[in-house]
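To start, the structure under review is shown below, and the notes come after it.
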Amino acid sequence: RPGPPSKGLRCQHNLKMIALAVIMYEQDNDKRPEAFSDITMYLKTPEIMRCPSNVNKPGDLTDVDSWSDYIFIPRDVNLPVSKAVIVYCPHVHNSKDVRNAAFADGIIDLVPLNQITGQTYNDIFKP
């Protein structure tokens, strides 16, 4: 019998729900959200905005931009949706140089940190 899903897999599920909320917002409003607070009406629970690697309780959705673990990146209109990362998790789930990320088309994947931020793990966290 399989055990419970890993924290990394649950994080990917959260990112998928966030990406779908962003897509719905864009369809309903004909514009991109500027912050997580723009998409809260599409989220069922605040737990979606907290990475499972963080043991702290999530806050209220009304102030989600102040406590969410995930990093929102306003979409670059010059990139096709299949290449534009819109949300990523800063927590390490697999390798220190990759992160769970959601693309503007709703796809979730592991992405090298330097493709998201322009920096490597060692640039950010000097060993």
Review point. What is the one condition in (1) part of a helix (DSSP H, G or I); (2) at pLDDT below 80; (3) touching a Leu at 6+ places or on another chain (Cβ under 9 Å) that Asn122 does not satisfy?
Key: (3)
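Rundown of residues vs (1) outside any loop (DSSP other than H, G, I, E, B); (2) within 18 Å of Asn114 (Cα to Cα), yes/no style:
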position	(1), (2)
Ile18	yes, no
Ile23	yes, no
Glu47	yes, no
Ser53	no, no
Val64	yes, no
Lys83	no, yes
Arg99	yes, yes
Check your understanding: Of the residues Arg10, Arg32, which single one is in a loop (DSSP other than H, G, I, E, B), in contact with a Pro (Cβ under 9 Å, 6 or more places away or on another chain) and charged (D, E, K, R)?
Key -> Arg32
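Condition check ((1) at pLDDT 85 or above; (2) basic (Lys, Arg)) across all residues:
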site	(1), (2)
Pro4	no, no
Gly8	yes, no
Asn29	yes, no
Ala35	yes, no
Ile71	yes, no
Pro80	no, no
Arg99	yes, yes
Practice item. Would you please name the residue that is surrounded by the most Cβ atoms within 10 Å (Cβ to Cβ), looking only at residues in the stretch 82-97 that are modelled with pLDDT of 85 or more and not hydrophobic (A, V, I, L, M, F, W, C)? Key: Tyr88
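The values are calculated or read from the model by the stated rules, or taken from the named source; none is laboratory data. Remember, predicted model here, so these are calculated numbers, not experimental data. All Cβ positions, glycine included, derive from the backbone under ideal geometry; neighbour counts span all protein chains shown.
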